[in-house]
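No lab work stands behind these numbers, since they all come straight from the coordinates. Please read all numbers here as calculations on a predicted model, not as lab measurements. For neighbour counting, all protein chains shown are included, and Cβ atoms are generated from backbone atoms with ideal geometry for every residue, glycine included.
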Amino acid sequence: MQNFFEKVYEAVKRIPKGKVATYGQIACVCGSPRAARQVGYALHVNPQPGIIPCHRVVNRFGGLAPAFAFGGAEVQAELLRAEGVQVGEDYTIDLSKYLCEEFL
């Protein structure tokens, strides 16, 4: 049986390039709808940053993580822009445009 972190990592791997999901959506997909903060922690300790695309997870308002585990919001924004996601100057994303449909 998978532990919660493993479920988070598997869910995040399903977010396609050019799309994002929220911490809350990932928590719901993993069967723990009130565990958005735990999703954030799981991504903060991501054991495979090049394989588990934690940069594709944002808050419920489309905001990037100010303490993105691998370099801050600037690095997260760069990674997302490289995938075609438009990131605003305030480090937010238009969820109506980029939210991964699989997690709706």
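Per-structure values
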| quantity | calculated |
| --- | --- |
| Positive-pole candidate from Ala42, Gly88, Ala77, dipole of the chain, charges at beta carbon | Ala42 |
| Built amide H within the under 5 Å cut-off of Leu99, gap 5+ | Val20 |
| Formal net charge of residues neighbouring Val85 (Cβ-Cβ distance under 13 Å; K, R +1; D, E -1) | +2 |
| For Val58, distant residues with modelled amide H under 5 Å away | Ala21, Thr22, Tyr23 |
| The chain: most fluctuating residue of Ala21, Ala35, Ala67 per GNM, C-alpha cutoff 10 Å | Ala67 |
| Potential lengthening between Lys97 and Glu74 on full extension [0.36 nm per residue; Cα-Cα distance subtracted] | 6.2 nm |
| Potential lengthening between Phe61 and Val45 on full extension [0.36 nm per residue; Cα-Cα distance subtracted] | 3.5 nm |
| Calculated from backbone phi, Karplus (6.51, -1.76, 1.60) coupling profile of the stretch 22-27 in Hz, x at Gly/Pro | 9, 4, x, 4, 4, 4 |
| For the stretch 79-104 versus the stretch 7-35, the gap between their alpha-carbon centres in whole angstrom | 15 Å |
| Taking Arg81, Arg14 and counting other C-beta atoms within 10 Å, the order from fewest to most | Arg81, Arg14 |
| Sorted by Cβ neighbour density within 10 Å, fewest at the top, the residues Glu89, Glu102 | Glu89, Glu102 |
